[in-house]
Amino acid sequence: MLPSWRNTPLEERKAILYRFGELLRDEQEDCAQTLTREMGKPIAQARNEIAGTLKRINFFLGAVDEVIHEQTIISTDEIREKICFEPLGVVANISAWNYPYFVGSNVYVPALLTGNTVLYKPSELALFSGKKVASLFAKAGLPDGVLQLVCGAGDVGTHLLNQDIQGVFFTGSVATGQKIAASVAPRFIRTEMELGGKDPAYVCNDVDIAKTAEMLADGAFYNAGQSCCAVERIYVHEAVFDAFLEAFCAVVRKYAMGDPRSEKTYLGPLARQSPLKFLSDQVADATAKGARVLLEGGVQSGKGWFFKPVVLTNVDHSMTIMREESFGPVIGIQKVRDDSEALKWMQDTTYGLTASVCTRDEQRAEKILSAMETGTVYWNACDRVSPFLPWTGRKNSGLGTTLSKLGLQSFVHVKAWHLRRA
Ligand code: NAD
């Protein structure tokens, strides 16, 4: 299928992707309900994900011409030099379950627009959403075989890597990312990894406390904390520490936990059972080392893998909760003396996805954020992704870029042309 798809005029490829977006919009309620049923994401948040995916599709449709348009650099009587962009070929899109529409579409939309064919492996925990995507592409008129759905777990993913692929775009855990990177390294194919995070937020002494607490609690607990860029640790200036703790806990206490199909639910169950023990162990490790429980939560009895949010303070970096990705509804809040102590702890991590500073003073935020080794920085914001900006991690958070115009370039080879008349 590759030659015919790459030779399909861009306008035709765009028309099919546009139609895919229209169908996704027509069927967004069904897609959101399916997503909620299969992974427990509260229905309002599932709808947000589909709506956000539509914005990403629109962005890519609007940006692709400029990115892959042939560029003439020099044109004289003697020589012409130009740059052309060509698809990589067959790319593997191996995806996570926590935002299946976001993380999948970040790859298959720009990949298809730029003329690649795609082997799309949704997570085994978001298979119905993956099947829905494949059926919408078929309805949109994507020729057979241009996007092939690959169903299965890690063993199928391993098998997929052994195919004749020219690129692998992976979203998932660091451990799996390392296995994949090692397995494809000898082939020198394009390899991009969107991995985990342990994203810090720092609250300065000049903030609107109620507003900041509300924003950071949402950043920590949206999607039950199962977001790569969730706020995973908070540092608070000592001058506002006690007031912030109180405001933060007041927000979290109000979160409605329950049936994710209910419009009122903010916190649904976790998508998997295994994190129940992992999160309980993080809390136990912290309390054994002196952490104080501000909001007591943990595993809930009854139907579903519910974990009530746990808020801890008196935390430090000897505790796993401040160092290892939690990926669930737990948070440690640490007191700091000043900006330089905050920066020291924020930087004390093997991850590099995002970092956030809350202050009224833009220059103060800029000074701290410039020093952070992360792909994204936020001033008075957190847990936010824009289609216009590159999404990229450093260190253990990954390799390569999705979204923005750079996230289209990820799917093409450049070819340099030197043209001289005989
Ligand atoms: P995971 O690594 O368990 O699985 C991800 C995908 O890889 C699944 O499709 C799985 O079947 C497949 N897989 C597993 N083993 C494989 C192997 N050996 N070879 C090939 N494929 C294999 O991750 P997960 O639990 O689905 O996702 C959670 C993780 O994803 C978290 O760490 C989260 O931070 C990260 N994540 C990162 C981003 C980002 O943009 N940086 C976005 C979403 C999720």
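The values are calculated or read from the model by the stated rules, or taken from the named source; none is laboratory data. Please read these numbers as outputs of a predicted model, since none were measured by experiment. Don't worry about glycine lacking a Cβ; one is built from the backbone with ideal geometry, like all the others, and counts go over all protein chains shown. SASA here: full protein model, heavy atoms, side chains in, ligands and nucleic acids out. Shrake-Rupley method; radii C 1.70, N 1.55, O 1.52, S 1.80 Å.
Tell me, yes or no, whether the stretch 52-60 has at least one residue that is within 18 Å of G400 (Cβ to Cβ) and crowded, with 24+ Cβ neighbours inside 10 Å.
yes
With the requirement that a residue be within 15 Å of the ligand (Cβ to nearest atom), open to solvent by less than 10 Å² (accessible area, probe 1.4 Å) and out of contact with any Leu (no Cβ under 7 Å at 6 or more places or on another chain), what does the stretch 102-120 give you?
G104, S105, V107
Please state which one of K131, K139, K82 is within 22 Å of F59 (Cα to Cα), basic (K, R) and assigned by TED's automatic domain parsing to the domain that holds Q409.
K139
What single numbered condition from (1) more than 16 Å from the ligand (Cβ to nearest atom); (2) open to solvent by 40 Å² or more (accessible area, probe 1.4 Å); (3) touching a residue at least 24 places away in the same chain (Cβ under 8 Å); (4) part of a helix (DSSP H, G or I) fails to hold for F128?
Of the numbered conditions (1) more than 16 Å from the ligand (Cβ to nearest atom); (2) open to solvent by 40 Å² or more (accessible area, probe 1.4 Å); (3) touching a residue at least 24 places away in the same chain (Cβ under 8 Å); (4) part of a helix (DSSP H, G or I), the odd one out for F128 is (1).
Working carefully through the options S301, S318, S280, find the one that is at pLDDT below 95 and either small (G, A, S) or assigned by TED's automatic domain parsing to the domain that holds A247 (or both).
S301
Could you list all residues from the stretch 16-47 that are over 24 Å from the mean Cα position of the chain (by Cα) and without any contact (Cβ under 8 Å) to a residue 60 or more places away in the chain?
D26
Could you tell me which of the residues A243, A250, A291, A271 is touching a helix residue (DSSP H, G or I) at 6+ places or on another chain (Cβ under 8 Å) and closer than 17 Å to G219 by Cβ?
From the options A243, A250, A291, A271, the qualifying one is A250.
Is it true that some residue in the stretch 332-349 is of a type in the set (K, R) and in a helix (DSSP H, G or I)?
Checked against the condition, which is being of a type in the set (K, R) and in a helix (DSSP H, G or I), the stretch 332-349 yields at least one hit.
Please verify whether the stretch 402-413 includes one or more residues that are within 16 Å of the ligand (Cβ to nearest atom), open to solvent by less than 30 Å² (accessible area, probe 1.4 Å) and either assigned by TED's automatic domain parsing to the domain that holds D218 or part of a strand (DSSP E or B) (or both).
There is at least one residue in the stretch 402-413 that is within 16 Å of the ligand (Cβ to nearest atom), open to solvent by less than 30 Å² (accessible area, probe 1.4 Å) and either assigned by TED's automatic domain parsing to the domain that holds D218 or part of a strand (DSSP E or B) (or both).
Need the failing condition index for V385 against (1) open to solvent by 70 Å² or more (accessible area, probe 1.4 Å); (2) closer than 25 Å to G62 by Cα; (3) in a loop (DSSP other than H, G, I, E, B), just the number.
(1)
All but one of (1) within 8 Å of the ligand (Cβ to nearest atom); (2) in contact (Cβ under 8 Å) with a residue 60 or more places away in the chain hold for G154; state the number of the condition that does not hold.
Tallying (1) within 8 Å of the ligand (Cβ to nearest atom); (2) in contact (Cβ under 8 Å) with a residue 60 or more places away in the chain, G154 fails exactly one: (2).
Test A422 against the stated conditions and say whether it is under 30 Å from F59 (Cβ atoms) and away from the ligand (no atom under 16 Å from the Cβ).
It is false that A422 is under 30 Å from F59 (Cβ atoms) and away from the ligand (no atom under 16 Å from the Cβ).
Could we say that V133 is of a type in the set (A, V, I, L, M, F, W, C) and either open to solvent by 60 Å² or more (accessible area, probe 1.4 Å) or near the ligand (Cβ under 10 Å from one of its atoms) (or both) here?
Here the answer is no, as V133 does not meet what is asked.
Just to verify a result, which residue in the stretch 157-170, among those that are touching a residue at least 12 places away in the same chain (Cβ under 8 Å) and either more than 7 Å from the ligand (Cβ to nearest atom) or acidic (D, E) (or both), is nearest to Y108 (Cα to Cα)?
Step one: filter the stretch 157-170 for residues touching a residue at least 12 places away in the same chain (Cβ under 8 Å), giving 157-158, 160-161, 163-170.
From what is left, the residues that are either more than 7 Å from the ligand (Cβ to nearest atom) or acidic (D, E) (or both) are 163-169.
Working: Q163: 18, D164: 18, I165: 14, Q166: 14, G167: 12, V168: 11, F169: 10 Å.
Going through the qualifying residues, I end up with F169.
Is there a residue in the stretch 367-382 that is more than 22 Å from M319 (Cβ to Cβ), in a loop (DSSP other than H, G, I, E, B), open to solvent by 90 Å² or more (accessible area, probe 1.4 Å) and among the aliphatic types (A, V, I, L, M)?
No - not one qualifying residue is present in the stretch 367-382.
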